[in-house]
1. Could you list, in sequence order, the residues of the stretch 157-187 that are more than 11 Å from the chain's Cα centre (by Cα) and of a type in the set (Ser, Thr, Tyr)?
2. Condition first: more than 20 Å from residue 75 (Cβ to Cβ), within 16 Å of ligand 2 (Cβ to nearest atom), modelled with pLDDT of 90 or more and touching a helix residue (DSSP H, G or I) at 6+ places or on another chain (Cβ under 9 Å). Can you find one or more residues in the stretch 188-195 that meet it?
3. Under 9 Å between Cβ atoms, which residue pairs at least 6 apart in sequence (or on different chains) link something in the stretch 253-274 that is within 21 Å of residue 239 (Cα to Cα) with a partner that is of a type in the set (Phe, Trp, Tyr)?
4. Just to be sure I understand the filter: pairs with C-beta atoms under 7 Å, separated by 6 or more residues or on different chains, first member in the stretch 114-126 and under 17 Å from residue 178 (Cβ atoms) and touching a residue at least 24 places away in the same chain (Cβ under 8 Å), second member among the small types (Gly, Ala, Ser) and within 14 Å of ligand 1 (Cβ to nearest atom). Which pairs pass?
5. Quick one: in the stretch 99-137, of everything that is within 16 Å of ligand 2 (Cβ to nearest atom) and small (Gly, Ala, Ser), which residue is surrounded by the fewest Cβ atoms within 10 Å (Cβ to Cβ)?
6. When only residues in the stretch 82-98 that are within 16 Å of ligand 2 (Cβ to nearest atom) and part of a loop (DSSP other than H, G, I, E, B) count, which is nearest to residue 204 (Cα to Cα)?
7. Among the residues of the stretch 67-84, write down those that are within 8 Å of ligand 1 (Cβ to nearest atom) and free of Cβ contacts under 8 Å to residues at least 60 places away in the same chain.
8. Does residue 229 fit the bill of being in a loop (DSSP other than H, G, I, E, B) and within 12 Å of ligand 1 (Cβ to nearest atom)?
Amino acid sequence: MPDSVSIVIPVYNERESLPVLYSSIKKVMDDLENPYEIVFVDDGSRDGSLEILEEIQASDENVVVVSFRKNFGQTAAMAAGFEYSKGDVVVTMDADLQNDPADIPMLLEKIKGRDIVSGWRKNRKDPFLSRRLPSMMANWLISFVTGVKLHDYGCTLKAYRRDVIRNIKLYGEMHRFIPAIASWVGAEIVEVETRHHPRRYGTSKYGISRTIRVVLDLITVKFLQSFSTRPIHAFGPPGLVMAGVGFLISLYLSYEKFVLGESIGTRPLLLLGVLLIILGVQIIVMGLLGEMLARVYHESQDKPIFVVKKVLGSSADISGGYRAGGKP
Ligand code: UDP
Ligand code: MG
């Protein structure tokens with residue numbers, strides 16, 4: 001039985017592209033054996049995209065349309081698409097015809113035995129200075145920081161096995177980090193070259209400012225990856241170093257004042273010492289607050305700090321109903 005497939009498409013003011021997109025996806029998918037659905041998520045479009053989607057939906061029961069009350073952004077639209085789709089494999093793509101539906105069969109072939117197939121727009125048809133250059137730098141940075149090496153994090157055309165995305169919550173611009181987040185919990189990822197076309201209709205929804213947001217999100221993702229269960233390990237060391245150096249400076253100044261009898265009131269070093277002690281203590285306290293937040297985060301949702309692939313065997317009941325881990 002071939003995998004069922006959900007094609008998830010965020011749509012924001014893409015009126016002209018939608019009919020062409022729909023018919024080319026349909027053509028590609030009807031040739032495959034896989035049962036499929038197309039989930040359009042209308043992200044608060046104001047150009048009549050929703051009406052076109054409603055028309056398409058009325059004529060085809062394999063089409064699902066989720067419509068937002070206002071524009072929540074591409075990441076939110078993709079999260080809603082994951083939520084409202086049912087296929088074993090989820091393929092995401094842009095609505096603007098820049099991704100090519102003809103690549104879908106190849107993605108479905110590649111995902112067999114894997115968790116994520118990520119598209120790489122090798123011949124990307126976007127302006128160099130405002131798009132390709134910042135994207136090259138961002139991809140390099142994300143690969144370096146997350147340790148998951150991909151050429152093109154930004155390509156929406158990707159295929160995910162449902163198990164992988166089920167537990168990933170998306171914030172900010174984080175849909176592009178799904179491969180990195182998933183690989184940290186053991187997902188197997190492969191990158192494939194995909195086609196790319198210039199935007200035919202409408203305009204791009206992003207400018208250069210996206211790069212900054214992506215870098216900020218990268219800091220969040222990296223922090224959560226490394227320290228979400230132990231924030232004091234991130235804040236503690238710099239805090240201790242600062243407070244320690246501040247303490248030594250103060251000690252030295254006290255020696256000058258009380259033993260050598262010199263006046264220290266006008267020394268810049270005094271300010272530095274006090275500053276370092278205050279900052280150091282504050283950073284450590286932030287780490288402690290982080291520790292409390294980490295407990296609230298994990299325990300309020302019963303969120304484990306590990307991911308189990310499978311458990312082999314279940315021993316006979318030797319403990320009166322209680323297993324290791326404390327769960328009845
Ligand atoms: N998009 C969206 N909500 C937004 C912005 C964009 O759903 O707030 C959709 C948009 O309709 C398109 C995809 O996200 O399907 C990618 O947007 P765009 O083509 O503008 O990005 P680019 O290809 O220029 O990076
Ligand atoms: Mg585009």
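The values are calculated or read from the model by the stated rules, or taken from the named source; none is laboratory data. Please read these numbers as outputs of a predicted model, since none were measured by experiment. Note: ideal-geometry Cβ built from the backbone for every residue, glycine included; neighbour counts use all protein chains shown.
1. Within the stretch 157-187, 160, 183 qualify.
2. Looking only at the stretch 188-195, we keep the residues that are more than 20 Å from residue 75 (Cβ to Cβ), and these are 188, 190-195.
Within this subset, residues satisfying the condition of being within 16 Å of ligand 2 (Cβ to nearest atom) are 194-195.
Checking the rest, the ones that are also modelled with pLDDT of 90 or more come to 194-195.
Narrowing the set further to residues that are touching a helix residue (DSSP H, G or I) at 6+ places or on another chain (Cβ under 9 Å) leaves 194-195.
Checked against the condition, which is being more than 20 Å from residue 75 (Cβ to Cβ), within 16 Å of ligand 2 (Cβ to nearest atom), modelled with pLDDT of 90 or more and touching a helix residue (DSSP H, G or I) at 6+ places or on another chain (Cβ under 9 Å), the stretch 188-195 yields at least one hit.
3. Short answer, once both residue conditions are applied: 269/252; 273/247; 273/252.
4. Note: no pairs meet the criteria.
5. 130
6. Result: 96.
7. 71, 72
8. Working: in a loop (DSSP other than H, G, I, E, B): yes; within 12 Å of ligand 1 (Cβ to nearest atom): no.
No; evaluated as a whole, the condition is false for this residue.
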